[in-house]
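Report on one structure; see the data block that follows.
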Amino acid sequence: MLNLILFGPPGSGKGTQATKLAEQFGLVHISTGDLFRYEIGNDTPLGKEAKRYMDQGQLCPDTVTIGMLRAKVERHPEAGGFIFDGFPRTVAQAKALDRLLTGMNEQVDALLALEVPEDEITGRLLERGKTSGRSDDQDEAIIRNRFAVYQAETSPVYDYYDKSAKANRIDGVGSIPDILGRLVAEIEPLKQLS
Ligand code: B4P
């Protein structure tokens with residue numbers, strides 16, 4: 001199995017690149033943001049709760065997020081590996097993911113962190129907000145709050161995986177194919193080992 005975390009601030013291109021990498025390497029793509037949006041779209045109790053946080057640019061509670069992620073992983077016993085997009089976003093989530101994978105005799109092979117400056121991100125998300133219908137992409141103050149939450153709560157996840165030499169920084173500025181090429185160059189050697 002090959003298990004990858006695609007990491008980075010909101011709008012850094014995680015979803016964009018994870019879709020392409022999942023196809024190229026035959027991995028199951030799990031985006032917690034997409035899972036929450038599915039629940040919101042179906043107006044479930046989980047979706048109603050998640051919406052309260054997402055609309056303010058806050059993280060959803062760990063217990064809810066971890067339970068939802070575990071259920072999704074367990075629905076794919078056939079998987080040749082996973083690409084986690086937008087998860088883990090806190091150190092508690094990272095520890096829960098490690099426990100989940102250890103229980104499957106698996107581990108995280110690498111965390112790939114897309115680095116994009118805040119001003120570039122704000123422009124990308126406001127642009128997406130014109131067509132996506134996502135309320136969290138339409139207000140610059142909410143976008144700035146998401147970036148602040150990333151720095152306070154999510155960036156320590158990089159250090160957590162860096163301790164076991166699994167964290168890698170990738171320049172996330174440039175064309176989508178160029179960034180994909182940078183990611184593939186990091187993943188190819190891992191794929192051969194897996
Ligand atoms: P997510 O859905 O994960 O949203 P994101 O961080 O905005 O997306 P991403 O970085 O994937 O951006 P994308 O590729 O689409 O999270 C939304 C919310 O859900 C969170 O704020 C939180 O409330 C909640 N949530 C999710 N996971 C959680 C967790 N684990 N714990 C707690 N809460 C959680 O790219 C953005 C835009 O840039 C797109 O329009 C794209 O076309 C464009 N783009 C991509 N690459 C580009 C490039 N190279 N150049 C120019 N534009 C580019």
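The values are calculated or read from the model by the stated rules, or taken from the named source; none is laboratory data. The model shown is predicted, which means the values in this text are computed figures rather than measured ones. All Cβ positions, even for glycine, are placed from backbone atoms using ideal geometry, and neighbour counts span all protein chains on display. To get the accessible areas, we keep the full protein, side chains included, count just its heavy atoms, and leave off ligands, DNA and RNA. Shrake-Rupley method; radii C 1.70, N 1.55, O 1.52, S 1.80 Å.
Annotations for the structure displayed:
- Long pairs among 48/166; 51/130; 130/191, criterion Cα-Cα beyond 29 Å: 48/166; 130/191
- Counting only Cβ charges, +1 for Lys and Arg and -1 for Asp and Glu, the dipole size of region 1-133 around its Cα centre is about 280 debye.
- Within the listed set 69, 27, 180, the Gaussian network model of the chain (springs between alpha-carbon atoms below 10 Å) gives the highest mean-square fluctuation for 180.
- Residue 78 accessible area, assembled protein chains, probe 1.4 Å, Å²: 120 Å²
- Within the same chain, aspartates and glutamates fewer than 8 places from residue 163 are excluded, and of the rest, those with a Cα less than 15 Å from its Cα are 98, 109.
- Surface exposure of region 114-177, expressed per residue as accessible area with a 1.4 Å probe, stands at 55 Å².
- Global form of the chain, assessed from the alpha-carbon gyration tensor, a/c cut-off 1.5: oblate
- When only the Cβ of Lys, Arg, Asp and Glu is charged (+1, +1, -1, -1), the dipole of region 92-194 relative to its Cα centre reaches about 300 debye.
- The shape of region 18-59 comes out prolate: with a ≥ b ≥ c from the C-alpha gyration tensor, a/c is at least 1.5 and a/b beats b/c.
- Accessible carbon and sulfur surface of region 2-193 relative to its total accessible area, %, 1.4 Å: 51 percent
- With a cut-off of 9 Å between beta carbons, the residues surrounding residue 128 carry a summed charge of +1, where Lys and Arg count +1 and Asp and Glu -1.
- Of the residues 77, 117, 88, the one that moves most in a GNM of the chain with alpha-carbon contacts below 10 Å is 77.
- Zone residues, region 170-194, relative to residue 162, backbone N less than 13 Å from point 7 Å out along Cα-to-Cβ: 170
- Förster radius 41 Å - calculated FRET efficiency between residue 95 and residue 173, Cβ distance, rounded to 0.05: 0.85
- For the chain, with +1 on Lys and Arg beta carbons and -1 on Asp and Glu, the positive-most of 155, 132, 80 along the dipole: 80
- Neighbourhood net charge (13 Å Cβ-Cβ; Lys/Arg +1, Asp/Glu -1) for residue 43: +1
- Prolate/oblate/rounded call for region 1-104, Cα gyration tensor, a/c under 1.5 rounded: prolate
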